[in-house]
Amino acid sequence: MRARLADIAEHAEVSEATVSRVLNGKPGVADATRQSVLTSLDILGYDRPSRLRRKSAGLVGLVTPELTNPIFPAFAQAIETALARQGYTPVLCTQTPGGVHEDDYVTMLLERGVAGIIYVSGLHADSTTDPERYVVLRERGLPIVLINGHIEGVDAPFISNDDVASMDLALGHLAALGHRTIGLAVGQDRFVPVIRKIIGFRNAMMTLLGRADVEDLIEQTMFSVEGGAVAAQRLMDKGATAIVCGSDLMALGAIRAARLRGLEVPRDLSVVGYDDSPLIAFTDPPLTTVRQSVQAMSEAAVRALLDQIAGDPAPLAEYVFRPELVVRGSTGAAPSLNTVHTAGGGSAL
């Protein structure tokens, strides 16, 4: 206990006696000092005494896809942290293939009296979905926020990554490296982010390379390692020297497919991922990828939800966040610009 008091006191820049008074609920401590001690307690990972724990301001539903794609746990953690800072308790509802349907989760959340719901890449990302499920929630006054997907006719805030700009960043980087035949590996084009990526890819290929004939360079498969491998095989057969993928998992599949052919990344094939998922910087090679602003998007979603709960909502529109290209080791000069090995083992540029 003494070491624990010393750690907290040092972090809060107060005496151990003051920490003791706060933890034991004694009077004679200024509010600002008391809050500083409690904050230090939280930051250092100590549990607050039960009488000092924050009372929950209410429950908030958080609906996400399956957590096998590391970008979704990243969103969940950032959103849960932002909610907890405001005193709300998140209720995580993870959708898995063949598992509980989004509508069933929502029914459960409503029965528990949630203050609002945040959706991450839910059915609202599917352009074929019926918007009525969200319209009904808004008509009954439930605050909702929808991340990475947009559907017309729903009076709610949407938080999105700029998928069109993402393609500009990725293709601009590859074009500067000398690549001219660049493929796109994505999921099904009924999903709004995929539709936007394809639009951005077409536009960037035309603007940067003057190519309008790019339909054969777009492969739609599954957002998975296996899907990325299948797409990469098809694109390499068409002469692609670089591939932009719709997710980091697809990019790992593309790298695997290249290696199965005896090719090296990036010497023979450059690969760009999407998301900048946790640990992706430590792959072999470290993955060049388009980073979503997960932290900023999550905080904006929570703020938009809490503003609705407080009765002071921001304008209900789509808020689009600019991505960032993170260049690592999976992209390099186009093969024709790489070092050419001579018969004697030397090399020439």
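Annotations for the structure displayed:
- Most mobile listed residue (Arg328, Arg34, Arg303) in the chain, GNM with C-alpha springs under 10 Å: Arg34
- Degrees separating the helix 294-309 axis from the principal Cα axis of the chain, which is the longest one: 50 degrees
- Taking Ala301, Ala310, Ala334 in turn, the Gaussian network model of the chain (Cα-Cα springs below 10 Å) assigns the largest fluctuation to Ala310.
- Other-chain or far-sequence residues with amide H under 5 Å of Gly329's (modelled H): Leu287, Thr288
- Whole-number Å³ per residue for the convex hull built on Cα positions in segment 129-238: 116 Å³
- Packing-based ranking, highest mean first, of 179-186, 4-11, 248-255, 165-172 given that Cβ atoms within 10 Å are counted: 248-255, 179-186, 165-172, 4-11
- Expressed in units of 2.2 N^0.38 Å, where N is the residue count, the Cα radius of gyration of segment 197-312 is 1.29.
- FRET efficiency estimate (nearest 0.05) - Cβ-Cβ, Asp312 to Asp104, R0 45 angstrom: 0.90
- Estimated FRET transfer efficiency (Asp130, Gln295; beta-carbon r; R0 35 Å; 0.05): 0.65
- Helix 71-85 and the longest principal axis of the C-alpha atoms of the chain enclose an angle of approximately 20°.
- Convex hull (Cα only) mean projected area of segment 2-52, reported in nm² to one decimal: 3.1 nm²
- log10 of Debye I(q)/I(0), alpha-carbon scatterers only, for segment 1-124 at 0.10, 0.15, 0.17, 0.21 Å⁻¹: -0.46, -0.77, -0.85, -1.07
- Only helices enter the 222 nm calculation for the chain: every DSSP H run of n ≥ 4 contributes -39,500 (n - 2.57), and dividing by all residues gives -12500 deg cm²/dmol, rounded to 500.
- Each of Arg196, Arg261 was scored by other Cβ atoms within 10 Å of its Cβ. Listed from fewest to most, they are Arg261, Arg196.
- Both the radius of gyration and Dmax for segment 60-211 are 17.9, 57 Å, in that order, over alpha-carbon atoms.
- Whole-Å distance, taken between Cα centres, linking segment 76-98 and segment 230-248: 34 Å
- Computed about its Cα centre, the charge dipole of the chain is approximately 940 debye, with only Lys, Arg, Asp and Glu carrying charge at their Cβ.
- Fluctuation leader among Leu287, Leu217, Leu67 - the chain, Gaussian network, Cα springs under 10 angstrom: Leu67
- Nitroxide proxy distance, nm - points 7 Å out along Cα→Cβ at Ser15 and Ala281: 4.3 nm
- Cα gyration tensor of the chain - equivalent ellipsoid semi-axes, whole Å, descending: 45, 28, 16
- Built amide H within the under 5 Å cut-off of Leu269, gap 5+: Glu264
- Unit charges at the beta carbon, dipole of the chain: most positive-side option, Val106, Ile280, Gly45: Gly45
- Magnitude of the charge dipole for segment 2-52, about its Cα centre and with charges confined to Cβ atoms of Lys, Arg (+1) and Asp, Glu (-1), is about 280 debye.
- Helix 225-237 vs. the chain, principal-axis angle (Cα, 0 to 90°, nearest 10): 20 degrees
Values quoted throughout were computed directly from the atomic coordinates according to the rules given, and no laboratory measurement underlies them. None of these values were measured; they are calculated from a predicted model. Ideal geometry is used to build each Cβ from the backbone, glycine not excepted, and the neighbour counts take in all protein chains shown.
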